[in-house]
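Just so you know, all these numbers are worked out from the coordinates, no wet-lab data involved. None of the values given here were measured: they were computed from a predicted structure. Heads up, the Cβs are rebuilt from the backbone with ideal geometry, glycines too, and the neighbour counts pull from every protein chain shown.
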Amino acid sequence: MRNDEKTEILNSFVKTVFSVIPYAGTALTELVFDYNGRIKQNRLNKFVEILAKEFSNNNEINIENIKTENFNDLFEAVIKRVYTTKSELKLNRFKDILIKGLKSPENDFEFVDVYLDLITDLSEDELIILYEHRHFGKKYNIEVLRKNELAEQLHKANEKRKKETINIGPSKYARQIIEIEKERGEIRNNHNNLEKFRGCNNYNISDDKFRFYKQRLYSKALVIDSGIGAIGTEPFEIMSITEFAVEFINFIKNTEK
């Protein structure tokens, strides 16, 4: 028996069961089969309108790329999510992903289904929090190590300067100290400016909700808790982005609003 035949038999069975429920049977049947179907169709219609409008206004789209295998796979994967998405903002994200797929049909994203599921599952607040945490990646961690190295170099230079013979001319360590302090100060100022992205106030949400969102992102391997073991640091207080999250952001970067 084919899958479509099995589905039809199941639908008929459920309709029969609902029909014998006093008072509510008809309403349940309409909800599950009629109303639910109309909702899905309306969502698809809305997405088609958004996509058609983009096709009309974007001269860079090469319609011929619709025939490529990669785009067909991407299109099918997106449509599956459209049926379950009521957020117009997310529909626009899906639209932008398809447009990017048309412009670069050679792209074959290994985790496309995972990426699309993340867009569907994550709230807009979570996506924004993740996007802003892009600042805390490899480059940030390298700068932290460099800042620690400079602190050690500064300490050694100051110690050597103290041991220099007094009144024999300018200190040979003075210029080195100035250069170290300058580079260290630049890193420190840059990191201080980024700290706002690690606070709930930047996203206009409560601390509890902010922590919950970070825990959700952590559970999906998008961020890691880089503050573990640090004295005076609470769990999920200092988060850093993962390489998988960087790839995910690159996948949706044209849809960030």
Fill in: Potential lengthening between Glu149 and Phe55 on full extension [0.36 nm per residue; Cα-Cα distance subtracted]
28.5 nm
Practice prompt. Starting from the Cα of Lys162, step 7 Å along the direction of its Cβ; do the same at Glu76; then give the gap between the two resulting points in nm.
Written response: 7.2
Worksheet item: Cα convex hull of the stretch 132-255: how many Å³ per residue?
Response: 139
Discussion item. Give me the percent relative contact order of the stretch 49-120, please, defined on Cα pairs under 8 angstrom at least 6 residues apart.
Written reply: 43
Discussion item. What are the ³J(HN,Hα) couplings of the stretch 178-183, residue after residue, when phi is run through the Karplus curve with 6.51, -1.76, 1.60 and θ = phi - 60°? Round to Hz, x for glycine and proline.
Written reply: 4, 5, 5, 5, 5, 5
Fill in: Relative contact order computed over the stretch 35-193 (Cα-Cα under 8 Å; 6+ residues apart), in percent
19
Fill in: Percentage relative contact order, the stretch 132-255, counting C-alpha pairs under 8 Å, at least six apart
26
Item to complete: Show the residues, 5+ positions off or on another chain, whose built amide H is closer than 5 Å to the amide H of Phe136.
Response: Ile241
Worksheet item: From the cross-link list Lys95/Lys196; Lys156/Lys214; Lys86/Lys220; Lys67/Lys138; Lys103/Lys139, which pairs have alpha carbons spaced over 28 Å apart?
Response: Lys95/Lys196; Lys156/Lys214; Lys67/Lys138; Lys103/Lys139
Practice prompt. Using the Karplus curve 6.51 cos²θ - 1.76 cosθ + 1.60 with θ = phi - 60°, work out ³J(HN,Hα) for each residue of the stretch 76-81 in order, rounded to whole Hz, and write x for Gly and Pro.
Written response: 4, 5, 5, 4, 4, 7
